[in-house]
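**Q** Questions regarding the structure given below will be posed in turn.
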Amino acid sequence: MFFVPLPFLTPEEGANIVLFFSLPLTYVMGILILSSDAISSLYMVNQPPILQEINLPEAQGQIVSWNQFLENIGYGMGPLIAGIFISIFGQNYKISAVIITIFVIPGIILWTLSCNWYTQDKERIRTILSERATILKSRNKN
């Protein structure tokens with residue numbers, strides 16, 4: 001967002017909604033925000049069910065708890081790290097945004113790799129659970 005060259009508006013121009021929506025950059029910003037929110041929401045919606053499908057039932061509670069704990073730490077540390085970078089680079093938001101974006105790259109790589117392992121892990125869990133079900137059924141027959 002910091003790389004979109006926004007025009008300087010006077011308070012009167014900023015209050016003029018028709019002028020605001022006549023600027024092409026308004027739509028560029030809207031598309032960028034919509035895209036960013038859409039991608040973020042896909043991650044948030046799919047993450048808990050995926051974690052549950054690739055972990056055994058006895059570990060799911062702990063995995064979900066750790067996931068939420070780390071997410072909450074991230075929500076707190078994100079603004080702190082951003083503030084530190086902005087302070088270090090003398091209020092230069094562009095450099096700070098680029099550096100903070102670099103922090104996202106390992107997550108993207110790991111999430112992409114996990115997509116490759118997802119089907120194997122899901123099948124492995126399904127096999128373990130079916131073996132357990134067979135053992136329980138054999139115990140009930142005796």
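The values are calculated or read from the model by the stated rules, or taken from the named source; none is laboratory data. This structure is a prediction, so every number in the text was calculated from the model and none was measured. As a convention, Cβ positions derive from the backbone with ideal geometry for all residues, glycine included, and neighbour counts pool all protein chains shown.
**Q** Hey, does region 74-92 have a residue that's more than 24 Å from GLN47 (Cβ to Cβ) and either touching an Asp or Glu at 6+ places or on another chain (Cβ under 9 Å) or in contact (Cβ under 8 Å) with a residue 24 or more places away in the chain (or both)? Write out each step before concluding.
**A** The initial filter retains those residues of region 74-92 that are more than 24 Å from GLN47 (Cβ to Cβ), namely 83-92.
Checking the rest, the ones that are also either touching an Asp or Glu at 6+ places or on another chain (Cβ under 9 Å) or in contact (Cβ under 8 Å) with a residue 24 or more places away in the chain (or both) come to none.
Within region 74-92 (the criterion being more than 24 Å from GLN47 (Cβ to Cβ) and either touching an Asp or Glu at 6+ places or on another chain (Cβ under 9 Å) or in contact (Cβ under 8 Å) with a residue 24 or more places away in the chain (or both)), the answer is no, since none of the residues qualifies.
**Q** Given the conditions (1) in a loop (DSSP other than H, G, I, E, B); (2) exposed (fewer than 10 other Cβ atoms within 10 Å of the Cβ), report the number of the one that LEU6 does not fulfil.
**A** It is condition (2) that LEU6 fails.
**Q** Just to check your reading of the model, which residue among PRO24, PRO49 is of a type outside the set (A, V, I, L, M, F, W, C) and more than 30 Å from TRP111 (Cβ to Cβ)? Steps first, answer last, please.
**A** On the way: PRO49 fails: more than 30 Å from TRP111 (Cβ to Cβ).
Testing whether each residue is of a type outside the set (A, V, I, L, M, F, W, C) and more than 30 Å from TRP111 (Cβ to Cβ) leaves just PRO24.
**Q** Let me ask something else about it. If I ask for residues that are among the β-branched types (Val, Ile, Thr) and either in contact with a Cys (Cβ under 8 Å, 6 or more places away or on another chain) or part of a helix (DSSP H, G or I) (or both), which ones from region 47-76 would you list?
**A** Once the filter is applied, which keeps residues that are among the β-branched types (Val, Ile, Thr) and either in contact with a Cys (Cβ under 8 Å, 6 or more places away or on another chain) or part of a helix (DSSP H, G or I) (or both), region 47-76 yields ILE50, ILE63, VAL64, ILE73.
**Q** Residues ALA59, ALA38: which one is among the small types (Gly, Ala, Ser) and loosely packed, with under 10 Cβ neighbours inside 10 Å?
**A** Being among the small types (Gly, Ala, Ser) and loosely packed, with under 10 Cβ neighbours inside 10 Å holds for just one of ALA59, ALA38, which is ALA38.
**Q** Oh, and also: Would you mind finding the one in THR112, THR127, THR101 that is hydroxyl-bearing (Ser, Thr, Tyr) and within 20 Å of GLU58 (Cβ to Cβ)?
**A** On the way: THR112 fails: within 20 Å of GLU58 (Cβ to Cβ); THR101 fails: within 20 Å of GLU58 (Cβ to Cβ).
Matching residue, one of THR112, THR127, THR101: THR127.
**Q** Right, here's the next one. Which residues, taken from region 44-71, are modelled with pLDDT of 90 or more and more than 26 Å from ARG132 (Cβ to Cβ)?
**A** Across region 44-71, the qualifying residue is only PHE69.
**Q** Let me ask something additional. Is at least one residue of region 77-95 aliphatic (A, V, I, L, M), at pLDDT below 85, exposed (fewer than 12 other Cβ atoms within 10 Å of the Cβ) and in a helix (DSSP H, G or I)?
**A** No: zero hits.
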